[in-house]
Amino acid sequence: MTTETLSVAQRLGGDQFLARTFGRSYHVARGDAASVAGLVSWDDLNAILTQHRLEAPRFRLALDGEQVPAFRYSRPVVTRRSTTWQRLQTASLHEQLANGATLVLDAVDELHTGVGRLAKHLENWLRTAVQVNLYGSWTGTEGFGTHWDDHDVIVVQLDGAKRWRLYGPTRTAPMNRDVATPEEPPEQPVADLVLGPGDVLYLPRGWWHAVAASEGQHSLHLTCGLQTTTGADLITWLSETLRGHEIVRTDIPRFGTESEQREFLDQIAKLLVDELTSSDLIARFGLASDATEPGRLAPSLPYVHGIPPEQQLRVHLVVARPHLATMPDGTAQLIAGGEEWTFAPKALPLLQLLLNGSSHSLGELAAAAGLSVEQVAALVNELVSGQVAAIGAAP
C-alpha cells in the first residue's frame, strides 16, 4: 500500500472514522506538504494536458456555477481523416484561469498512476467504487457556487490553499434520483475552513458547500467521489436474488379475485420478511457488491495468446475488493469481477500474495506456493481471462 494512501486512511482515523464519522459529519485531518509530495504535481497536470486529447466534459472550466464554453480556451482541429478535436490554446486557457475559472479534470485516476493507486486502495478500504477528479483554481472566485453532491467525498489538498465554507445538509441523504430536492442552505456556514497542502477533508453527501482558492492563492486538489450504497441498492439487489422463487416470477394477478390477490401478496411478503429479518442480509449484499465490482482497465499486451511461463513476468490484480476463502475441503475460492474460481489448496499462498495489491513475478508466486512456473502461468491465465488480473507492474 502506498504512503499517500496510508496517510489518507490513517489520518482520517481508520476504523474509528468508519464507526463514528462516515456518513454522519464532516471531518478535517491536517497534514503537511511532504505527505502528498509524490502524489500528483503541476508538472503531472501539464503532462496530462499535453499528451491527451481531452474533450468536455472530461476536461472543462467552470465559473460561477456554469461551464465555460470550450471555444473560449480551445480551437477545433480537423485531421486529414476529417475528424475534429479541440486543441487547447494555452494563452486563452491561462487567461480564463486568471479571470476566475476553475480547471476540472474528471477521472484523473485513469490518467495518472499514483492517483490510480490512491483510488484503488480507497476502494479496498471503503468497499465502494471511487472516482477521483482534479481541480485547479487561481482566484477567490467560486467555480461552482454553493452546492451539494449526491455522493460522499474525500478531498486531498495538494498545493496552495483552498477555502471551504460548509453549511450542512438540508435534506438527509439526498440522491441523484430523488423524490424531492433539498431546501436552500442557511446564510451562515457551520464551518469555514482553509485547507493547505497535505490536509484531508471528508464531506458526507448532501452537505452544502462553497469552495474557492484562499486569498487569491493558486490551488490544486483531488476530490475522491465515493459511490453511494443505499437502501434503494439493497432493495434492487434483493429483487434480483428473489427471482429464484416461482412466486416472484409469476404474473401479478391483476384480474384475479380479491382473495387470489391477497394470497399472492402474502407469499411475496413472507419472502421479503424472511430476507429482511435474516442476520446476514447486509453481509451477503456486501459480498455480492464486492464480487461484481469490475476491474480497472489493464490490458496485458503483448500476451494476446496467453501468459507464457516466464519467471520474470509480473502479475497484479486489477480489482480492489476480491474475496478469498478457504473451503471446508481445503480448496481456495476466489470471488472477484463477477467471476468465481476454485483452486487447489496449494494455490492459496500465491493468491494471498496477490491480494496485497502489489505485483509479483511468476517465479515469486511459484516459490510461495511450491508450484511450477508453468502451473502458476496457467492459473494466472484464468485470472487474466476473467479480467481480474493483468501482466505488468501494479499501477
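If R0 is 51 Å, what FRET efficiency do you get for residue 352 and residue 260 from their C-beta distance, rounded to 0.05? Taking R0 as 51 Å, the efficiency between residue 352 and residue 260 is 0.40. Spin-label pair residue 110-residue 237: with each label point 7 Å from Cα along the Cα-Cβ axis, the two points sit 2.4 nm from one another.
Between the beta carbons of residue 79 and residue 37, assuming R0 = 30 Å, the FRET efficiency works out to 0.15 to the nearest 0.05.
Inter-label distance, residue 146 to residue 50: 4.2 nm, where each label sits 7 Å from its Cα along the C-beta direction. Springs between Cα atoms under 10 Å define the GNM used for the chain, and in it the highest mean-square fluctuation of 211, 194, 304 occurs at 304.
Sparsely packed loop sites in segment 79-156 (the trypsin sites (Lys or Arg not before Pro) outside DSSP H, G, I, E and B with at most 11 other Cβ atoms within 10 Å) comprise 80, 81.
If I take every Cα pair under 8 Å that is 6 or more residues apart in the chain, average their sequence separation and divide by the length, what percent do I get for the relative contact order? That works out to 15 percent. Backbone geometry of segment 369-380 corresponds, through the Karplus equation with coefficients 6.51, -1.76 and 1.60 at θ = phi - 60°, to 3J(HN,Hα) couplings of 9, x, 10, 7, 4, 5, 5, 5, 4, 5, 5, 4 Hz, x marking Gly and Pro.
Centre-to-centre, using Cα atoms only, segment 74-93 and segment 332-371 are separated by 47 Å. Taking 0.36 nm per residue of separation and subtracting the Cα-Cα distance, full extension of the segment from residue 25 to residue 325 would add 104.5 nm. Per-residue 3J(HN,Hα) values for segment 78-92, derived from phi via the Karplus relation 6.51 cos²θ - 1.76 cosθ + 1.60 with θ = phi - 60°, read 9, 7, 5, 9, 6, 8, 10, 9, 9, 9, 4, 10, 4, 5, 5 Hz in sequence order (x marks Gly and Pro).
The length gained on full extension between residue 282 and residue 64, counted as 0.36 nm times the residue separation minus their Cα-Cα distance, comes to 74.3 nm. Over segment 299-339, accessible surface divided per residue gives 52 Å², non-protein components excluded, 1.4 Å probe.
For segment 188-305, which whole percent of the accessible surface, found with a 1.4 angstrom probe, sits on carbon and sulfur atoms? It is 58 percent, rounded to a whole number. For segment 1-75, with all protein chains in place and a probe radius of 1.4 Å, 49% of the accessible heavy-atom surface sits on carbon or sulfur. Largest GNM mean-square fluctuation across 350, 272, 362, computed for the chain with C-alpha springs under 10 Å, falls on 272. Solvent exposure of segment 28-114 amounts to 58 Å² per residue of accessible area, where only protein heavy atoms count and the probe is 1.4 Å. Ligands, DNA and RNA left out, the 1.4 Å accessible surface of segment 85-154 is 44% carbon and sulfur atoms.
Summed over the residues of segment 143-286 and divided among them, the accessible surface reaches 56 Å² per residue at a probe radius of 1.4 Å.
The relative contact order of segment 264-372 comes to 25 percent, based on Cα pairs under 8 Å that sit 6 or more residues apart. The mean sequence distance of close C-alpha pairs (under 8 Å, at least 6 residues apart), as a share of the length of segment 103-155, puts its relative contact order at 39 percent. Computed with every protein chain present, the accessible area of residue 41 is close to 40 Å² [probe 1.4 Å].
The values are calculated or read from the model by the stated rules, or taken from the named source; none is laboratory data. Just so it is clear, the structure is predicted and the values come from calculations on it, not from any experiment. Neighbour counts run over all protein chains shown; Cβ positions are idealised from the backbone, glycine included. Accessible surface is based on the protein model in full, side chains and every heavy atom, while ligands, DNA and RNA are left aside. Shrake-Rupley method; radii C 1.70, N 1.55, O 1.52, S 1.80 Å.
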